[in-house]
Every structure is written in structure tokens, then in C-alpha cells.
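What follows is one structure encoded as C-alpha cells, with my remarks underneath.
The values are calculated or read from the model by the stated rules, or taken from the named source; none is laboratory data. Remember, predicted model here, so these are calculated numbers, not experimental data. Every residue, glycine as well, gets a Cβ built from its backbone with ideal geometry; the counts of neighbours run over all protein chains shown. These area figures cover heavy atoms from the full protein model, side chains too; ligands, DNA and RNA do not enter into them. Shrake-Rupley method; radii C 1.70, N 1.55, O 1.52, S 1.80 Å.
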Amino acid sequence: MEQSKRKQLLKLIESDCRLSMEEYAVMLGEDEVIVSAEIKRLEEEKIICGYRALIDWDKVEDDWIEALVEVQTIPKGEEGYREIAERVRKFPEVKSFFFVSGGFDFILLLQGRNIKEISKFISTNLASIPDVSGTQTHFLLDKYKEWGIDMYQDDSDPRIQVSP
């Protein structure tokens, strides 16, 4: 599959991964067999890393909280960062984990049942890592947009109401 169609396919999958091979093929003007083979290749090469639905858990669970945690470490070069990353990314509470520039070295997205659970995770699992020199925690209070999806879509009619 040519590069431009491959990028188009990836954007379609990213936008809605529930479409069928037939639907992707029609949208791309390609044969279904070619699209299916290309998706399989992209999965094997880890270009497509997984498929996921975006759930608004606040509408489902009462005991639910998320926090962004900035983590500062003692500089030890690239290998030092990798060692910390190997250790931290394996915790199931860590939903997203990024190496960043700025005043902190890493940013984590944690999920837990309450503030106490998140705090315990930070003090027990993060602070106990010898090369972690500090953390700063930001609890998420509300989400307005996530992964490009507006979490507060306004379904009201934007037209001005006119009375007879």
C-alpha cells in the first residue's frame, strides 16, 4: 500500500477502530484483502499498538480519581532514565507515562479509587525508588476534552428560537 493511503488508513483507524475491513477498503478505494494485510503488517510492526475505547468513567463509577504526577529524578544519563521507566511503567495504576523536558523528568497519569489510594501509591511505589528526588501531584477535577474527543458535547440547537 502506498504511503499516503497508509497514513489515511491510520487516521481512519485512529478516528474509529470499530469499522469493518470492508468499510476501510471502500473509504480508501482499495481491495479489502490489501487493507486487511496492511493492518496486519502495521500491528506486527507495532505501528498500531492497540485498540481502545474512550470511556467516561465519571458517569459509571463514584469511586474514581485520576492524577497527573510529575516526577523529578537524580540525573544519571539515559540509562538511569530507562531504569526508572522500566520500574514505573509496570505498575497497573500507571495508565500513561511520559519522559518530558522541563522542571520534571516524567509525567504519569495514575488512576485509583480515591485520593488516599493515589497518595499511598506515590509514597510506597514512587518515593521508594532511590533515584526519585521529588514528585508533584495534580488531581484531575474534570475533563473537557480527551484524545481529541469533546467530553461535553453540546446537543442543544444553535438556531435562534423565533416565536410567531
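Quick rundown of the values:
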read-out: Burial ranking of peptide ranges 13-20, 100-107, 120-127 (average Cβ count within 10 Å, highest at the top); value: 120-127, 100-107, 13-20
read-out: Dipole magnitude of the stretch 3-45, debye to nearest 20 (Cβ charges: Lys/Arg +1, Asp/Glu -1, about Cα centre); value: 200
read-out: Tilt relative to the chain, helix 77-88 - C-alpha long axis, 0 to 90 degrees, to 10; value: 80
read-out: Sum of -39500 (n - 2.57) over DSSP H runs of 4+, divided by residues of the chain (222 nm, nearest 500); value: -9500 deg cm²/dmol
read-out: The chain, dipole about Cα centre (Lys/Arg Cβ +1, Asp/Glu Cβ -1), debye to the nearest 20; value: 480
read-out: In Hz, Karplus ³J(HN,Hα) per residue of the stretch 106-115 (6.51, -1.76, 1.60; θ = phi - 60°; x = Gly, Pro); value: 10, 10, 10, 9, 10, 10, x, 7, 6, 4
read-out: Virtual spin-label span in nm between S101 and C17, 7 Å along Cα→Cβ; value: 3.0
read-out: Protection proxy ranking of 36-44, 49-57 - average other beta-carbon atoms within 10 Å, highest first; value: 36-44, 49-57
read-out: Shape call, the stretch 3-45: gyration tensor on alpha carbons, a/c limit 1.5; value: rounded
read-out: Rough spin-label spacing in nm, given labels placed 7 Å along Cα→Cβ, for A53 and A37; value: 3.3
read-out: Cα gyration tensor shape of the stretch 57-146, rounded if a/c is under 1.5, else prolate or oblate by comparing a/b with b/c; value: prolate
read-out: Between the stretch 1-45 and the stretch 58-94, the Cα center-to-center distance that results, in Å; value: 33
read-out: Order by protection proxy (mean Cβ within 10 Å, highest first), peptides 76-86, 23-33; value: 23-33, 76-86
read-out: Carbon/sulfur fraction of accessible area - the chain, other protein chains in place, 1.4 Å, %; value: 52
read-out: Separation in nanometres of the label points that stand 7 Å from Cα toward Cβ, at E44 and K143; value: 3.4
read-out: Among (1) 0.95; (2) 1.40; (3) 1.02, the entry that matches Cα Rg over 2.2 N^0.38 Å as calculated here; value: (2)
read-out: Additional length obtainable on full extension of the chain from D63 to R82, 0.36 nm per residue less Cα span; value: 3.6 nm
read-out: Under the Karplus curve 6.51 cos²θ - 1.76 cosθ + 1.60, θ = phi - 60°, whole-Hz ³J(HN,Hα) for the stretch 64-76, x wherever Gly or Pro sits; value: 7, 8, 10, 9, 9, 10, 8, 10, 9, 10, 7, x, 9
read-out: Probe 1.4 Å, protein heavy atoms only - accessible area per residue of the chain in square angstrom; value: 74
